[in-house]
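Asks: Right, I'll just put the structure down here and ask away after.
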Amino acid sequence: MTKPRLVYFDFAGSRGEECRIALHLAGVDFDDVRVARADWPAQKSQSPFGSMPFLELAGQSPLGESNAILVYIGRQYGLHPKDDLQAAYHEALMSYCEELRHHVSPVLRITDEPQKRNAREELARNYLSVWGSNVERQLGDHPFVGGDKVHVVDIKLYLVVRWLISGTVDHLPTTVFDHCPKLKRLCQQVDEHAGVKTWLERSAR
Ligand SMILES: N[C@@H](CCC(=O)N[C@@H](CS)C(=O)NCC(=O)O)C(=O)O
């Protein structure tokens, strides 16, 4: 193995896609390894923490946990602040994105229709509304978290927000973050970023 290998489901979203976008923006020539859902149970025990994504680098143990992968790529390729305190602010937002995913996932697994509707509407009204407001307070007047330049934290925020306002999650209104204009602008800027665009065009192939 010479090229780095990023291993994730064959799905253009969530934790794997944010790592793929980061590698693409970094200009890394990597193997985009896509595991079929049916093949995952047999491979799970070979991953560092029983989950994906993970990043394989020649001669090294595989690296798990999306935030660790993003911070590693960010540090190596100038997509994460060099200043320790600024880096910690970015990492706090990245952890908060993971908190959101852990909060939202159990709600999305509810199958009983009335319960599902209630839980998702309640999620939008309370947790997601507060989550958005908390992130909004951390953002300044620049296009991205760290100013005019995109960092891995922006990619992570973009993937989370894009998913939740996509209209593909039943009973979650696409307006759920409309009270967060800075967050929405940031996501728009990431969406329009030339490097991100080339990746999205490629991954939609
Ligand atoms: N905290 C981990 C969570 C990883 C995670 O839960 N990944 C999901 C896909 S997004 C997964 O591997 N699910 C299959 C499984 O847990 O068996 C991270 O940030 O990478």
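Asks: Quick one: would you say Arg34 is part of a strand (DSSP E or B), within 20 Å of the chain's Cα centre (by Cα) and within 13 Å of the ligand (Cβ to nearest atom)?
Replies: Details: part of a strand (DSSP E or B): yes; within 20 Å of the chain's Cα centre (by Cα): yes; within 13 Å of the ligand (Cβ to nearest atom): yes.
Yes; evaluated as a whole, the condition is true for this residue.
Asks: Restricting to the stretch 152-172, name every residue that is more than 12 Å from Leu100 (Cβ to Cβ) and in a helix (DSSP H, G or I). Before the answer, list the steps.
Replies: Start the filter on the stretch 152-172 by keeping residues that are more than 12 Å from Leu100 (Cβ to Cβ), which leaves 152-155, 158, 162, 165-172.
Hits for the stretch 152-172 are Val152, Val153, Asp154, Ile155, Tyr158, Arg162.
Asks: Checking the conditions here, which among Val153, Val196, Val161 is under 21 Å from Leu25 (Cα atoms), free of Cβ contacts under 8 Å to residues at least 40 places away in the same chain and surrounded by 19 or more Cβ atoms within 10 Å (Cβ to Cβ)?
Replies: Going through Val153, Val196, Val161 in turn, just one is under 21 Å from Leu25 (Cα atoms), free of Cβ contacts under 8 Å to residues at least 40 places away in the same chain and surrounded by 19 or more Cβ atoms within 10 Å (Cβ to Cβ): Val161.
Asks: Please find, within the stretch 53-79, the residue that is surrounded by the most Cβ atoms within 10 Å (Cβ to Cβ) out of those that are farther than 16 Å from Arg5 by Cβ and either of a type in the set (Val, Ile, Thr) or more than 16 Å from the ligand (Cβ to nearest atom) (or both).
Replies: Looking at residues that are farther than 16 Å from Arg5 by Cβ and either of a type in the set (Val, Ile, Thr) or more than 16 Å from the ligand (Cβ to nearest atom) (or both), I get Leu79.
Asks: Looking at the stretch 44-52, can you tell me whether even one residue there is at pLDDT 95 or above, outside any helix (DSSP H, G or I) and crowded, with 20+ Cβ neighbours inside 10 Å?
Replies: Looking through the stretch 44-52, at least one residue is at pLDDT 95 or above, outside any helix (DSSP H, G or I) and crowded, with 20+ Cβ neighbours inside 10 Å.
Asks: Identify all residues within the stretch 1-23 that are surrounded by fewer than 17 Cβ atoms within 10 Å (Cβ to Cβ) and either within 10 Å of Ile73 (Cβ to Cβ) or within 9 Å of the ligand (Cβ to nearest atom) (or both); write none if there are none.
Replies: Listed by number, the residues that qualify are Phe11, Gly13.
Asks: Are there any pairs, at least 6 apart or on different chains, whose C-beta atoms fall under 6 Å, with the first in the stretch 39-64 and in the same structural domain as Ser14 (by TED's automatic domain parsing) and the second more than 8 Å from the ligand (Cβ to nearest atom) and among the basic types (Lys, Arg), and if so, which?
Replies: Glu56/Arg5
The values are calculated or read from the model by the stated rules, or taken from the named source; none is laboratory data. Since the model is a prediction, treat every value here as computed from it, not as a measurement. Cβ: placed from backbone, ideal geometry, glycine included. Neighbour counts: every protein chain shown.
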